[in-house]
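See below for the structure under consideration.
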Amino acid sequence: NGHLCTLRYIGPLDAWPNFTAYGVEWDDPSRGKHDGEHDGKKLFECRVEGSGSFLKSTKRFDKLSTFVEVVNDLYVNGEKLTNAVGGDLISIGSKVLEKVGFDKDINLMRLENISVSQRGVTDISYFYDLHIGKKHNAILAEALRQDKEKIQKLGLTNLKSLDLGYNLISDFSYVSHLISVFEETLESIILNGNRFEISFQIDDLRKSFENIHHLSLSATLVTNEDLQLLGHLFPKVKSLNLSMNQLQLEEIINLSHWTSLEMLDLSYNKLTATKLNQARLPSSLRKLNLSNNHIADRLLLPVSIMNNLLDLNISYNLISDWKCVEYLGCVNSELKNLRINNNPIYTRALAEQNSNTLPLKASVGIIALERLNGRAITPLDKQDAELYFISKVSNRFIRIEDFDPLNSNRWKELAAKY
């Protein structure tokens with residue numbers, strides 16, 4: 001039914017004496033029932049807690065396809081081609097007619113974006129018997145050569161964005177194979193929801209796809225080691241999506257060699273401030289999304305990174321102390337866009353009927369701030385906020401001593417200004 005899973009166990013199960021059991025780990029953990037146990041006995045391991053279940057061997061799996069088959073089905077024989085090129089079919093009543101002279105090859109040449117997401121696309125090696133000893137490499141090489149010819153015949157000569165998300169591609173070398181076909185034009189590749197085995201030979205590490213500027217690896221369970229290998233393949237990536245990867249930073253994440261990276265999405269993981277503060281991130285970062293994690297304390301990222309950030313999203317975390325936000329104003333004078341909604345500090349402020357002061361605090365403490373939680377902060381808003389706080393301080397409703405010592409210079413500036 002289109003749901004993806006990884007086969008972790010094939011064998012007997014006491015509950016089904018007449019059937020072979022498949023133990024599977026679902027990509028969607030909500031479909032799982034356990035961690036691979038049956039009657040107290042561990043039969044397989046799950047990478048994501050609670051995502052395992054058993055299926056009878058009579059269960060029919062969905063049909064798998066090659067990349068070429070899916071593109072033909074969707075864009076040559078199906079509806080997407082018509083929609084993508086502006087409509088070459090005409091309707092007369094209930095009948096749909098094709099215009100005379102319609103040239104599918106020419107239209108495919110005009111396509112800049114292709115999506116084969118959720119279509120059962122798998123590695124080309126799946127369709128060949130590769131358990132034949134010494135002939136393995138030769139047969140696979142020939143299969144890839146033929147596959148490349150078929151892809152080239154599609155005529156996708158202007159392809160800029162390719163979405164391979166939520167398929168069954170497990171060998172990253174096949175991704176490299178596909179990219180190499182479109183290497184001259186391809187700029188963005190989306191690989192969300194695939195589960196890769198990433199291992200490269202020395203020759204693979206000599207390759208690099210310098211035209212790829214956007215790479216999305218959401219929900220792939222990619223590891224820190226994988227990311228270091230991938231950094232060699234994609235040296236010019238500016239935007240990297242690593243959301244929903246169950247990252248807990250048990251080992252220190254190292255993206256320092258992604259030296260062109262400007263936008264990084266680490267949302268929907270299990271990151272804490274303590275672990276993030278040890279992460280090695282490139283100083284080229286301008287936009288960082290850390291929403292929906294477990295951040296409760298100050299982000300003590302290196303000053304070289306904090307000083308350059310223009311956009312930071314720390315919404316939907318566990319931040320309960322406003323000093324975490326004050327600190328951002330101390331170490332980053334360039335931050336223009338901040339999202340901090342749906343943290344405990346907002347819940348507490350609402351309970352105290354004091355929520356209006358939160359935007360004021362942010363706009364006063366972070367000098368360059370232009371947007372807070374998606375709302376624009378105008379110069380008049382900022383002036384009103386500054387005057388409001390000066391009045392509160394002068395009337396001792398707010399004590400300077402309560403603010404972060406690192407922020408004292410900011411309050412001195414306000415005092416001098418007014």
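The values are calculated or read from the model by the stated rules, or taken from the named source; none is laboratory data. What you see is a predicted model, and the numbers here were worked out from it, not measured in a lab. As a convention, Cβ positions derive from the backbone with ideal geometry for all residues, glycine included, and neighbour counts pool all protein chains shown.
Note down all Cβ pairs under 7 Å where the first residue falls in the stretch 369-381 and is in a loop (DSSP other than H, G, I, E, B), the second is small (Gly, Ala, Ser), and they're at least six residues apart or on different chains.
LEU369/ALA362; LEU369/SER363; GLU370/ALA376; ILE377/SER363
Determine whether the stretch 186-196 contains at least one residue that is of a type in the set (Val, Ile, Thr) and crowded, with 21+ Cβ neighbours inside 10 Å.
Keep residues of the stretch 186-196 that are of a type in the set (Val, Ile, Thr), which gives 189-190.
Subsequent filtering for residues that are crowded, with 21+ Cβ neighbours inside 10 Å retains 189.
Yes.
Taking interchain pairs and intrachain pairs at least six residues apart, which have beta carbon atoms under 7 angstrom, with the first residue in the stretch 58-79 and more than 16 Å from LEU162 (Cβ to Cβ) and the second charged (D, E, K, R)?
Cβ pairs passing all conditions: VAL76/LYS104.
Pick from the stretch 246-263 the residues that are surrounded by fewer than 20 Cβ atoms within 10 Å (Cβ to Cβ) and at pLDDT 90 or above: which of them is nearest to the chain's Cα centre (by Cα)?
If we take residues in the stretch 246-263 being surrounded by fewer than 20 Cβ atoms within 10 Å (Cβ to Cβ) and at pLDDT 90 or above, then MET263 is nearest to the chain's Cα centre (by Cα).
Residue under question is LYS150, and the condition is that it be at pLDDT 90 or above, closer than 18 Å to ASN107 by Cα, in the same structural domain as ASP226 (by TED's automatic domain parsing) and in contact with a helix residue (DSSP H, G or I) (Cβ under 6 Å, 6 or more places away or on another chain); does it hold?
Answer is yes for this residue.
Quick grid of which residues meet (1) within 17 Å of ASN194 (Cα to Cα); (2) assigned to a loop (DSSP other than H, G, I, E, B); (3) outside the structural domain of HIS177 (by TED's automatic domain parsing):
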| site | (1), (2), (3) |
| --- | --- |
| LEU13 | no, yes, yes |
| PHE19 | no, yes, yes |
| ARG47 | yes, yes, yes |
| ASP62 | yes, yes, yes |
| ASP73 | no, no, no |
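Which residues, counting only those in the stretch 111-125, are in a loop (DSSP other than H, G, I, E, B) and either surrounded by fewer than 21 Cβ atoms within 10 Å (Cβ to Cβ) or touching a Ser or Thr at 6+ places or on another chain (Cβ under 8 Å) (or both)? Let's see the steps before the verdict.
Of the stretch 111-125, the ones in a loop (DSSP other than H, G, I, E, B) are 111-112, 116-120, 123.
Of everything in the stretch 111-125, those that are in a loop (DSSP other than H, G, I, E, B) and either surrounded by fewer than 21 Cβ atoms within 10 Å (Cβ to Cβ) or touching a Ser or Thr at 6+ places or on another chain (Cβ under 8 Å) (or both) turn out to be GLU112, SER117, GLN118, ARG119, GLY120, ASP123.
From the set of residues in the stretch 323-339 that are surrounded by 21 or more Cβ atoms within 10 Å (Cβ to Cβ) and assigned to a loop (DSSP other than H, G, I, E, B), which is modelled with the lowest pLDDT?
The residue in question is ASN332.
Regarding GLN118, is this residue modelled with pLDDT of 90 or more, under 27 Å from HIS3 (Cβ atoms) and of a type outside the set (Ser, Thr, Tyr)?
yes
Among (1) part of a loop (DSSP other than H, G, I, E, B); (2) polar (S, T, N, Q); (3) modelled with pLDDT under 90, there is one condition SER304 misses while meeting the rest; what is its number?
(1)
I need the full set of residues from the stretch 340-377 which are modelled with pLDDT of 70 or more and hydroxyl-bearing (Ser, Thr, Tyr), in order please.
Those that are modelled with pLDDT of 70 or more and hydroxyl-bearing (Ser, Thr, Tyr): TYR346, THR347.
Only one of these is within 21 Å of PHE196 (Cα to Cα), assigned by TED's automatic domain parsing to the domain that holds GLU183 and modelled with pLDDT of 95 or more: ASN241, ASN269. Name it.
ASN241
Restricting the search to the stretch 137-168, which residues are outside any helix (DSSP H, G or I) and either of a type in the set (Ser, Thr, Tyr) or under 17 Å from SER65 (Cα atoms) (or both)?
If the condition is that a residue be outside any helix (DSSP H, G or I) and either of a type in the set (Ser, Thr, Tyr) or under 17 Å from SER65 (Cα atoms) (or both), then LEU154, THR157, SER161, LEU162, ASP163, LEU164, GLY165, TYR166, ASN167, LEU168 are the ones that fit.
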